[in-house]
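*Asks:* Sending over a structure as structure tokens; questions will come in a sec.
The values are calculated or read from the model by the stated rules, or taken from the named source; none is laboratory data. Here the structure is a predicted model, which is why all the values come from computation and not from measurement. All Cβ positions, glycine included, derive from the backbone under ideal geometry; neighbour counts span all protein chains shown.
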Amino acid sequence: MIVKMSKVEIAGPRELLEKVLYLLQESGHLQIEPSTKGFIEKKDAVYIDSFLPDKGTMSERFFLEDLKGKIDELFSYLPKIPIKKSYIDPRPIIDTISETLQQHLLSCREMSQKKDTLRKELAELDRYNIFLDSIESLLNGLRRTPDTDLIGLTLRDPESVELLNKFLTKQVEGKFDLRTSTASDGTIVGLIAIDREMSDKIKSTLSDKDIPEFKFPFSFEGLSFFQKIELLRKRITGICSDIEALEMQLDSFATKWGSIYERVREWIGESLSVLNAAGSVFETRMCFLIYGWMAYEGVDALRTKLSSDFSGKVVLEEMEISEEDLDRMPVILKNPLYFKPFELFTKILPLPRYSSYDPTPFIGIFFPLFFGMILGDAGYGLILISLSLFMIKRFKKKIYVSDAAKILFISSLYTFLFGIIYGELFGDLGHRLFGLKPLLVERRTSIMPMLYFSVTVGVVHILLGSFLGFVSAFRRKMKREALCKLLNLLVIICILFLIASLFGLFPVLLTRPIVLAILFLSPFLLFAGGLLAPLELMKSIGNIISYARIMAIGLTSVLLAYVANRLAGMTGDIITGIVVATLIHLLNLIIGVFAPTIHSLRLHYVEFFTKFIEPGGRKFEPFRKEEEISH
């Protein structure tokens, strides 16, 4: 439902403006209008100006924005950990907080930069880690003497190992020890133990053959291979320890100070919001004027609150709403508990104008009905009821999923109800096992009656939409449009009566008067709607016919259910039959959820809502705290 709105004016002494704005922010019920259009008459505009902040206010704004920027930077250095909510009032100690913040920011910035530097170094040393892990097993059993040198290598493929072995055998006459291992990244790591006096020659020759020695950091030059490995491990361990220590310091800082600075940031946001709102305030020589919109039901409470808190010095008055205001008035959608979940579907649509209708109740009434008419199987309904109840309980805190589950639950009840009416329980399984019979009609064999029923539903739906379109145009005093919609509605009714008489559903004697009525109304329809009026009329007739999809999609579902049961019986084996039937019924159920949803929404969005919903509404954006907005 679209909430009834009020157009209000709040006035009081200029010195109370800041306190009034804080009160309005706390209540969160008023949308402040920055424009005087529709609020101030031209003869009064001479005495009213936009509110101009003084130098002190501008200095305060710059100070708070700078402080907020520093706090945001501080939090960028801190870990994301849960913090307790603080209730301190920052205003009396804001100067002290500013000085302390500067010191904390420098300290945390330094720790964060140091941590980033260490992480970069650790990332660079990470490739050495892979090499170290690979040669760990190769070092076992190697002799560690002053005359022995070790050469680390990375090889391209297993064939390189054999070629390297032949080359070393030829160069040093077998006085070497070659060991290889496969690293975690898939490369082959080699380790050569050789006499030190031959080491330089072998390294140079290997480099010429594109088998370079594994290089350690430049600062490790002059150390033996074992010393390099040991120093590298110590450095990696040291870096990890230093990073861990820095993270513990930042964690400790965030635990101790995070809640305080979060509260300060929140307070700064509130203060800046108030200062920004002051830019939408108007003033005379002695008082301020605030114009805006709010829900009608909250006016008296806010008026009483302002009067009591400011001893009658601040007053709230409702202003007369003009026709022009209807296009500017913000929109609040508020629905009862039953219809609330269906807002999930209406949020897809543009917001309706204040003078239009909230589409939510219409979807809440007709969507489950169409869904049940299409799926219409008591067995499927029971499964979906169980599934929806599980989802409602399981995803209680996830609003969108919970709302979707509630919609599914309501639609499943209609599915079960129509399943009883059609006599369907997993197709004809209910008839076979329990003797279940249709209460009114059997869909599988009554194609024409179901077609009539579906089109009749379409007639009711489209006529309702057309009537609401007429009412909407009449309320907006758009006489020509209202007349066009009324004549279009009357001509559609006449055509429907004419068609019904041709099928024997209406007395044939009235055919002639109905034709004369159509001929009589047609010129007026052309006058009111122009040359496009006949096209709009044909479009409405086409919209009604499109409701035949309810019968067609429902027939597809019931036939697939019957096929599942027939195939199960043809298998000749109980277990195989159950598996086959279950799989086909499961497929039918999945299709039976998505197809009715898509086509039911299409009937609303395309055929129904276009008749009377006016998009382009202005969203209600009250002046309130940022925390409330996020919720």
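*Asks:* Here is a list: 338, 296. Which entry is more than 23 Å from residue 355 (Cα to Cα) and modelled with pLDDT of 90 or more?
*Replies:* Result: 338 is the single residue among 338, 296 that is more than 23 Å from residue 355 (Cα to Cα) and modelled with pLDDT of 90 or more.
*Asks:* Would you mind telling me which numbered condition in (1) surrounded by fewer than 23 Cβ atoms within 10 Å (Cβ to Cβ); (2) under 29 Å from the mean Cα position of the chain (by Cα) residue 382 fails?
*Replies:* Residue 382 satisfies every listed condition except (2).
*Asks:* Then there is this: Given the condition part of a helix (DSSP H, G or I) and either outside the structural domain of residue 320 (by TED's automatic domain parsing) or at pLDDT below 80 (or both), answer yes or no: does some residue in the stretch 18-41 qualify?
*Replies:* The answer is no, given that none of the residues of the stretch 18-41 is part of a helix (DSSP H, G or I) and either outside the structural domain of residue 320 (by TED's automatic domain parsing) or at pLDDT below 80 (or both).
Residues are listed down the side, and each one gets a yes or a no for (1) without any contact (Cβ under 8 Å) to a residue 40 or more places away in the chain; (2) out of contact with any helix residue (DSSP H, G or I) (no Cβ under 8 Å at 6 or more places or on another chain); (3) farther than 30 Å from residue 429 by Cβ:
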| residue | (1), (2), (3) |
| --- | --- |
| 529 | no, no, yes |
| 540 | no, no, yes |
| 561 | no, no, no |
| 567 | yes, no, no |
| 621 | no, yes, yes |
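*Asks:* Anything in the stretch 237-294 that is in a helix (DSSP H, G or I), aromatic (Phe, Trp, Tyr) and in contact with a helix residue (DSSP H, G or I) (Cβ under 6 Å, 6 or more places away or on another chain)? List them, or say none.
*Replies:* 261 - this is the single residue of the stretch 237-294 that is in a helix (DSSP H, G or I), aromatic (Phe, Trp, Tyr) and in contact with a helix residue (DSSP H, G or I) (Cβ under 6 Å, 6 or more places away or on another chain).
*Asks:* Residues of the stretch 458-485 being surrounded by 19 or more Cβ atoms within 10 Å (Cβ to Cβ) and closer than 21 Å to residue 542 by Cα, which ones?
*Replies:* 458, 461, 462, 465, 466, 468, 469, 470, 484, 485
*Asks:* Scanning for something free of Cβ contacts under 8 Å to residues at least 24 places away in the same chain, closer than 21 Å to residue 135 by Cα and either assigned by TED's automatic domain parsing to the domain that holds residue 23 or not β-branched (Val, Ile, Thr) (or both), does the stretch 186-197 turn up at least one residue?
*Replies:* There is at least one residue in the stretch 186-197 that is free of Cβ contacts under 8 Å to residues at least 24 places away in the same chain, closer than 21 Å to residue 135 by Cα and either assigned by TED's automatic domain parsing to the domain that holds residue 23 or not β-branched (Val, Ile, Thr) (or both).
*Asks:* Can you find even one residue in the stretch 137-155 that is modelled with pLDDT of 70 or more, in a helix (DSSP H, G or I) and touching a strand residue (DSSP E or B) at 6+ places or on another chain (Cβ under 8 Å)?
*Replies:* For the stretch 137-155, residues modelled with pLDDT of 70 or more, in a helix (DSSP H, G or I) and touching a strand residue (DSSP E or B) at 6+ places or on another chain (Cβ under 8 Å): absent.
*Asks:* Right, something else. So in the stretch 414-433, with the set limited to residues that are in a loop (DSSP other than H, G, I, E, B) and touching a residue at least 24 places away in the same chain (Cβ under 8 Å), which one is surrounded by the fewest Cβ atoms within 10 Å (Cβ to Cβ)?
*Replies:* Among those residues, the one meeting the criterion is 428.
*Asks:* Follow-up. Looking at the stretch 222-232 only, could you name the residues that are surrounded by 14 or more Cβ atoms within 10 Å (Cβ to Cβ) and assigned to a helix (DSSP H, G or I)?
*Replies:* 225, 228, 229, 231, 232 - these are the residues of the stretch 222-232 that are surrounded by 14 or more Cβ atoms within 10 Å (Cβ to Cβ) and assigned to a helix (DSSP H, G or I).
*Asks:* Also, quick follow-up: For the stretch 450-465, indicate whether the set of residues that are of a type outside the set (Gly, Ala, Ser), within 30 Å of residue 325 (Cβ to Cβ), part of a helix (DSSP H, G or I) and outside the structural domain of residue 322 (by TED's automatic domain parsing) is non-empty.
*Replies:* Yes, the stretch 450-465 contains at least one residue that is of a type outside the set (Gly, Ala, Ser), within 30 Å of residue 325 (Cβ to Cβ), part of a helix (DSSP H, G or I) and outside the structural domain of residue 322 (by TED's automatic domain parsing).
*Asks:* A further question on this structure: Find all pairs meeting these conditions: Cβ atoms under 9 angstrom apart; at least six residues apart or on different chains; first residue within the stretch 349-373 and in a helix (DSSP H, G or I) and crowded, with 21+ Cβ neighbours inside 10 Å; second residue at pLDDT 90 or above and of a type in the set (Lys, Arg).
*Replies:* Taking only residues 6 or more apart or on different chains, the pairs are 360/340; 364/340.
*Asks:* Now for a different question. List the residue pairs whose Cβ atoms are under 6 Å apart, where the first residue sits in the stretch 474-496 and is in the same structural domain as residue 536 (by TED's automatic domain parsing) and part of a helix (DSSP H, G or I), the second is surrounded by fewer than 19 Cβ atoms within 10 Å (Cβ to Cβ) and of a type in the set (Phe, Trp, Tyr), and the two are 6 or more positions apart or on different chains.
*Replies:* These pairs meet every condition: 482/474; 487/524.
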